[in-house]
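First up is the structure itself, then whatever we jot down about it.
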Amino acid sequence: MSPLNALFLFLAGVAAGFVNINAGGGSFLTIPLLMVLGGLPATVANGTNRVAVLVQNLVGIKRFRKNGFHDTRLGLKLAVSAIAGSILGSVIAQDIPEETFRVVFSVLMLLALTVVFRPKNSETDSSAAELKHPALQIVILFFIGIYGGMIQAGTGFLVIFALSILGGLPLLRTNSLKIIIIAAYLVPSLAVFIANGNVILLPALVLTAGTSLGGWLGAEFAVKKGDIWIRVILFVSVLGLAGKMLQLY
């Protein structure tokens, strides 16, 4: 990988990290670039990308905690079923083509637009909201974990749909929980990809540097700007990525 390609990959990582913390779908940018700039096969790009996403979420967790969001216990509790699903999905991902999921995933992304149009929660303290239907969340997160284990890209949209639309949590707290859940299930998922030789260190480190910076900036932005700006990012990201997945442009 040339120095210029490495720079482009780093900058893409910054953008992807910012988007992932506030919404999701940044991997739809970084995975293709790992293939084009890094010369990686699709499955290897899929695995290599997970290193950056994991570190980016760990950075985001630290920033949220610094700003008063101490949801680690609830996040890990919700992550248990997602972890189980991600192991299954990661095993499947070693042989399954990404193209199979394009249309289905585009529909799911468009469903996530309901987050944008959901009536604003009237609570002044978003961290005080309780999760509705916690048993249902466990089941849903298991299947989200399967998808995350297979493809990962856009999982943030699905977690937001599960916790905010179905679970009734404000978007700001949802984002603080989302990154805990995703970080937790990425650990065993990444282990499966590494065991199968589908992670390349150099592009992973370059991308990780970018997404870590983007994740830090994204967490600060989310806490300071709140739900309104997260909704704007969600709307633009979902429409843009769904159109790309459906090959409209």
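Every number here is computed from the coordinates shown, using simple stated rules; none is lab data. Worth saying up front: this structure is predicted, and the values here are computed from it rather than measured.
Tell me, what HN-Hα J-couplings in whole Hz come from the Karplus equation 6.51 cos²θ - 1.76 cosθ + 1.60 at θ = phi - 60° for each residue of the range 177-190, using x for Gly and Pro?
Result, ordered by residue: 7, 4, 6, 5, 4, 5, 4, 5, 7, 6, 4, x, 4, 4 Hz.
Using 0.36 nm times the number of residues separating LYS62 and VAL80, minus their current alpha carbon distance, what extension gain do you get?
Once the chain is fully extended between LYS62 and VAL80, it gains 4.4 nm.
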